[in-house]
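Since the structure comes first, as C-alpha cells, the remarks are kept for the end.
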Amino acid sequence: MAALLGIVFPATFTGTGKLPLNSRFQRRLVVKCSNERRILFNRIAPVYDNLNDLLSLGQHRIWKNMAVSWSGAKTGDYVLDLCCGSGDLAFLLSEKVGSTGKVMGLDFSCEQLAVASTRQNLRGRSCYKCIEWIEGDALDLPFDDCKFDAITMSYGLRNVVDRIRAMKEMYRVLKPGSRVSILDFNKSNESVTAFMQDWMIDNVVVPVATVYGLAKEYEYLKSSINGYLTGEELETLALEAGFSSASHYEISGGFMGNLVAVR
Ligand SMILES: C/C(=C\Cc1cc(O)c2ccccc2c1O)CCC[C@H](C)CCC[C@H](C)CCCC(C)C
Ligand SMILES: C[S@@+](CC[C@H](N)C(=O)[O-])C[C@H]1O[C@@H](n2cnc3c(N)ncnc32)[C@H](O)[C@@H]1O
C-alpha cells in the first residue's frame, strides 16, 4: 500500500503529469489531499497574515510587490489573483489597475476569503472596491478563455495538488501576450541555502507556530518546499503548459523565487 501510495503520490501531486488520474482510487486520493489542504488553510486563516509579517520580518510584502510588478498589471486591466488567500496581492493589483480596472481574487478556502473580505471592508481606498472574491478551484477556473490581462499566484502553485493542470488553466484564461507571475519559496540547488531554509523552518517558524497550536500546519511548509519544483523545472512546466516563454528569478538570497511566463 505504501509503495502504491508512494508511486501515486509524488507523480500525481507534483503535477508532473506523468501519471494520468485515470483510476477512481487516484481521483479519490487527489480529492482527499485537496480537501486536507483546504482544511489546513481554513485553520491558519485567523493568524496567517500576522505570522507572515512576524516570521518574514515584513519582507513578504516586498516579495509580493515584486510579483505584482512582474505581472505587468496596469491601469484599467482585468486581472486575476489565483489562490488569493487573505488578499494581499489582490489589494496590490487593485492599486495597479485602479477603479477603472477589475480584480478577481479566487481561493477554495472560505475562511481565507472571509479574512480578505473583512480587510476589504475595513479599507477606504476606492480602488479596493474593484476586487471581487470567488470561492473556486484553481484546477477548474470558472472563467472563459483569454479573459485576463495578468495573473498572479503567490504561494499557491506549491500547494495545489496538480501543478501542470493549474498552469494549463492559467494559460487558458490569460490573454495572448499577457503574463503570469508566480511567487513562492525557492527550491534551491544550493545546499547551504536549502539547509538554512530548513533550519529557519525547524528552529524559528514551527516553534512560533506551536505557540498558536499550529505546529503541524507549519511543519507542512518544509515537506511542501522539498516536494516543490526548482526554478528550472518551473520554467519547463510553464513551457509544457503552452506558455511561449518562462523565466524564474531567485530573490531574497535564494529563499524565494518568482516565475514569470508569457502566453
Ligand atoms: C508569505 C510567506 C509564506 C506564505 C505561506 C505559504 C504556505 O505554503 C504555508 C503553508 C502552511 C502554513 C503557512 C504557510 C504560509 O505562511 C513567506 C513568509 C512567511 C513564512 C512562514 C516565513 C518563512 C521564513 C523563511 C524560511 C526565512 C525568511 C528569511 C527572511 C529574509 C527574514
Ligand atoms: C499560502 S496561501 C497564499 C495566499 C496568498 N496568495 C498569499 O500570498 O498570502 C495558499 C492559498 O492557496 C489556496 N489554495 C490551495 N490550493 C487551491 C486550489 N486548488 N484552488 C484554490 N485555492 C487553493 C489555499 O486555500 C490558500 O489560501
| request: Say whether the condition of being among the polar types (S, T, N, Q) and either open to solvent by less than 40 Å² (accessible area, probe 1.4 Å) or within 16 Å of ligand 1 (Cβ to nearest atom) (or both) is met by at least one residue in segment 94-101. | output: yes
| query | Any residue in segment 32-39 that is under 21 Å from ILE201 (Cβ atoms), under 14 Å from the mean Cα position of the chain (by Cα) and open to solvent by less than 40 Å² (accessible area, probe 1.4 Å)? | reply | yes
| field | Odd one out for GLY87, checked against (1) away from ligand 1 (no atom under 16 Å from the Cβ); (2) buried (at least 17 other Cβ atoms within 10 Å of the Cβ); (3) among the small types (Gly, Ala, Ser) | value | (1)
| message | Yes or no: segment 231-244 includes at least one residue that is over 26 Å from VAL173 (Cα atoms), in contact (Cβ under 8 Å) with a residue 60 or more places away in the chain, open to solvent by less than 50 Å² (accessible area, probe 1.4 Å) and away from ligand 2 (no atom under 16 Å from the Cβ). | response | no
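Residues are listed down the side, and each one gets a yes or a no for (1) under 16 Å from the mean Cα position of the chain (by Cα); (2) within 27 Å of LEU40 (Cα to Cα):
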position	(1), (2)
TYR220	yes, yes
GLY231	yes, yes
LEU234	yes, yes
LEU237	yes, yes
SER245	no, no
GLY257	yes, yes
VAL260	yes, no
ARG263	no, no
| query | Restricting attention to segment 65-75, does a residue exist that is within 16 Å of ligand 1 (Cβ to nearest atom) and open to solvent by less than 40 Å² (accessible area, probe 1.4 Å)? | reply | yes
| task | Identify the residue in segment 219-230 that is free of Cβ contacts under 8 Å to residues at least 60 places away in the same chain and surrounded by 15 or more Cβ atoms within 10 Å (Cβ to Cβ) and, among all such residues, is nearest to TYR171 (Cα to Cα). | result | LEU221
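Yes/no per residue for (1) without any contact (Cβ under 8 Å) to a residue 40 or more places away in the chain; (2) surrounded by 14 or more Cβ atoms within 10 Å (Cβ to Cβ); (3) more than 20 Å from GLU233 (Cα to Cα):
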{"site": "ALA150", "(1), (2), (3)": "no, yes, yes"}
{"site": "SER178", "(1), (2), (3)": "no, yes, yes"}
{"site": "THR193", "(1), (2), (3)": "no, yes, no"}
{"site": "TRP199", "(1), (2), (3)": "yes, no, yes"}
{"site": "THR210", "(1), (2), (3)": "yes, no, yes"}
| Leading residue by the ranking (nearest to ligand 2 (Cβ to nearest atom)) among those in segment 47-74 that are closer than 24 Å to ALA261 by Cα and among the aliphatic types (A, V, I, L, M) | ALA67
| query | Does any residue of segment 108-126 turn out to be at negative phi, β-branched (Val, Ile, Thr) and open to solvent by 60 Å² or more (accessible area, probe 1.4 Å)? | reply | yes
| Residue under evaluation ARG158, criteria (1) part of a helix (DSSP H, G or I); (2) near ligand 1 (Cβ under 10 Å from one of its atoms); (3) within 17 Å of MET256 (Cβ to Cβ); (4) touching an Asp or Glu at 6+ places or on another chain (Cβ under 9 Å), criterion not met | (1)
| query | Going by the conditions given, is GLY98 of a type in the set (Gly, Ala, Ser), away from ligand 2 (no atom under 14 Å from the Cβ) and modelled with pLDDT of 95 or more? | reply | yes
| query | If we scan segment 183-196, do we find a residue that is within 20 Å of ASN258 (Cα to Cα), of a type in the set (D, E, K, R) and either modelled with pLDDT under 95 or more than 11 Å from ligand 1 (Cβ to nearest atom) (or both)? | reply | yes
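The values are calculated or read from the model by the stated rules, or taken from the named source; none is laboratory data. Source: prediction; values computed, not measured. Here Cβ is always computed from backbone atoms with ideal geometry, including for glycine, and neighbour counts include all displayed protein chains. What goes into the accessible areas is simple: the full protein's heavy atoms, side chains included, and nothing from ligands, DNA or RNA. Shrake-Rupley method; radii C 1.70, N 1.55, O 1.52, S 1.80 Å.
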